[in-house]
Amino acid sequence: METKEILAELRKSKGLTQDEMAEKLLVTRQAVSRWETGETTPNVDTLKLLSKEFEVSINQLLGEPQNNICQSCAMPLQNIEELGTETDGGISTEYCAHCYQDGSFTHNRSMEEMAEGNLEYLDHWNAGQGTNYTKDEARAILQTHLATLKRWKTT
């Protein structure tokens, strides 16, 4: 589904007119209309407001998969607060705030060091997933998975 369709569907699901949505977001009704026709797309600040107002991720607003993960550490990216930032202050939809700020990586780690850092959360992961991986099993899985992410992928 495209952004224009998503925005129209969200607005209608809340029972809002274009005027009412515009008022909530401090924009004109014409801006909302242009978003819903696909003529324009909301800017980053407006996407943040839409995300909070409708309780959906920016990725969902942009039609991205809901199960987006950080392309450095593999953390699920579910909330706007979890997203990293670019040099221009815009959001990064590829990296989390822990790994990426102001257009660069926050830690100069190797992939192996990243895997070891992720192992600190193994008990939490096992509890949430209903698994019982040992550190050695999880390490092997992590290293295989991390190698497929953009930051670590070799061409």
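Odds and ends about this structure:
- Residue match in region 77-87 (condition: more than 12 Å from the chain's Cα centre (by Cα) and open to solvent by 40 Å² or more (accessible area, probe 1.4 Å)): yes
- Residues being of a type in the set (A, V, I, L, M) and open to solvent by 90 Å² or more (accessible area, probe 1.4 Å) - total across region 24-56: 1
- Asn108 vs. criteria within 25 Å of Lys153 (Cβ to Cβ) and free of Cβ contacts under 8 Å to residues at least 40 places away in the same chain: yes
- Taking the criterion of being open to solvent by 40 Å² or more (accessible area, probe 1.4 Å), among the hydrophobic types (A, V, I, L, M, F, W, C) and over 26 Å from Asn59 (Cα atoms), the only residue of region 101-129 that qualifies is Ala127.
- When region 1-23 is filtered for residues that are part of a helix (DSSP H, G or I) and loosely packed, with under 15 Cβ neighbours inside 10 Å, the ones remaining, listed by number, are Glu5, Glu9, Lys12, Ser13, Asp19, Glu20, Glu23.
- Candidate set from region 89-100 (those that are modelled with pLDDT under 85 and not in a strand (DSSP E or B)); member that is least open to solvent (accessible area, probe 1.4 Å): Gly90
- One residue from Asn59, Asn108, Asn79 being farther than 19 Å from Arg11 by Cβ, polar (S, T, N, Q) and touching a Ser or Thr at 6+ places or on another chain (Cβ under 8 Å): Asn79
- Within region 68-127, tally of residues that are among the aliphatic types (A, V, I, L, M) and in contact with a Pro (Cβ under 8 Å, 6 or more places away or on another chain): 1
- In region 132-147, the residues that are surrounded by 16 or more Cβ atoms within 10 Å (Cβ to Cβ) and either in contact (Cβ under 8 Å) with a residue 40 or more places away in the chain or at positive phi (or both): Leu142, Leu146
The values are calculated or read from the model by the stated rules, or taken from the named source; none is laboratory data. The shown structure was predicted, so the numbers you read here are calculated from the model rather than taken from an experiment. When we count neighbours, we look across all protein chains shown, and the Cβ atoms used for this are built from the backbone with ideal geometry, even at glycine. Protein only, heavy atoms only, side chains kept; ligands, DNA and RNA dropped before computing areas. Shrake-Rupley method; radii C 1.70, N 1.55, O 1.52, S 1.80 Å.
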